[in-house]
1. Just wondering, is there one or more residues in region 110-130 that are part of a strand (DSSP E or B), surrounded by 12 or more Cβ atoms within 10 Å (Cβ to Cβ) and in contact (Cβ under 8 Å) with a residue 60 or more places away in the chain?
2. Looking at I32, I77, which is the one that is assigned to a helix (DSSP H, G or I), closer than 14 Å to G149 by Cβ and either open to solvent by 60 Å² or more (accessible area, probe 1.4 Å) or β-branched (V, I, T) (or both)?
3. Consider region 71-108. How many of its residues are of a type in the set (S, T, N, Q) and out of contact with any Asp or Glu (no Cβ under 7 Å at 6 or more places or on another chain)?
4. Checking T107 against (1) within 28 Å of R75 (Cα to Cα); (2) open to solvent by 20 Å² or more (accessible area, probe 1.4 Å); (3) not in a strand (DSSP E or B), which single condition isn't satisfied?
5. From I133, I105, I52, I60, which residue is out of contact with any Ser or Thr (no Cβ under 8 Å at 6 or more places or on another chain) and under 21 Å from L29 (Cα atoms)?
6. Please go through region 133-146 and pick out each residue that is at pLDDT 90 or above and either touching a helix residue (DSSP H, G or I) at 6+ places or on another chain (Cβ under 7 Å) or of a type in the set (F, W, Y) (or both).
7. Considering only residues that are among the β-branched types (V, I, T) and open to solvent by 70 Å² or more (accessible area, probe 1.4 Å), which ones fall in region 41-74?
Amino acid sequence: MQRASSNTASSKGVPRSEKIIIRDRPHWLFIITGAWKWIVLGMLLWALSVWIAGWSGYPIIGSFGWVVLSIVIVRLIVGAYDWVVREHILTDARIIAQFGILRTIRTDLPLRRVQHLVLVRPLAERMFGLGSIGVASAGTGSIEVVWRGLDHPARVLA
């Protein structure tokens, strides 16, 4: 987690009068935890196609496994790009999450309106010590800002 040390904000879209307290992105394992189902399914299909190709004597079936692995690699590349464009910012006045590959989505919530905090740790993230934090304001009934794939999420939540 990066903590900003300057008194003025240097991030695009954050007023200069606000001090950036945290400017971070998800842990790099976010790429793996986001694609773990693709990885498991891809490896199983690859192993199955190689086994069937060896058992049946038709090596062309084994080529299917390489197509599946190529799809998994493309999914990991997309996940890596998603990781690069995600940004979590906490200033002395607001909490911001910015993400998006084909279009940028920015959620911004003034700290004075924060009513609820949620810590979510699915199994894949828990295995690596990661978690996600959701922030909601009063009266909305939903989570407005989410910081995904954080390292030491309980400490960040505190």
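The values are calculated or read from the model by the stated rules, or taken from the named source; none is laboratory data. Computed from a predicted model, the values in this text were never measured in an experiment. With ideal geometry, Cβ positions are generated from the backbone for all residues, glycine too; neighbour counts draw on all protein chains shown. We work out accessible area using only protein heavy atoms, side chains counted, and drop any ligands, DNA or RNA first. Shrake-Rupley method; radii C 1.70, N 1.55, O 1.52, S 1.80 Å.
1. yes
2. Values: I77 fails: closer than 14 Å to G149 by Cβ.
Residue meeting the stated conditions: I32.
3. Filtering region 71-108 for residues of a type in the set (S, T, N, Q) gives 91, 98, 104, 107.
Still in the list and also out of contact with any Asp or Glu (no Cβ under 7 Å at 6 or more places or on another chain): 104.
Qualifying residue count for the region: 1.
4. (3)
5. Numbers: I105 fails: under 21 Å from L29 (Cα atoms); I52 fails: under 21 Å from L29 (Cα atoms); I60 fails: under 21 Å from L29 (Cα atoms).
Only one candidate qualifies: I133.
6. Of everything in region 133-146, just one residue is at pLDDT 90 or above and either touching a helix residue (DSSP H, G or I) at 6+ places or on another chain (Cβ under 7 Å) or of a type in the set (F, W, Y) (or both), namely I133.
7. As a first pass, look at region 41-74 and keep what is among the β-branched types (V, I, T): 50, 52, 60-61, 67-68, 71-74.
Hits for region 41-74 are I60, V67, I71, I73, V74.
Yes or no, residue by residue, for (1) β-branched (V, I, T); (2) at positive phi; (3) within 14 Å of the chain's Cα centre (by Cα):
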site	(1), (2), (3)
G79	no, no, yes
T104	yes, no, no
D108	no, no, no
R112	no, no, no
L117	no, no, no
E125	no, no, yes
F128	no, no, yes
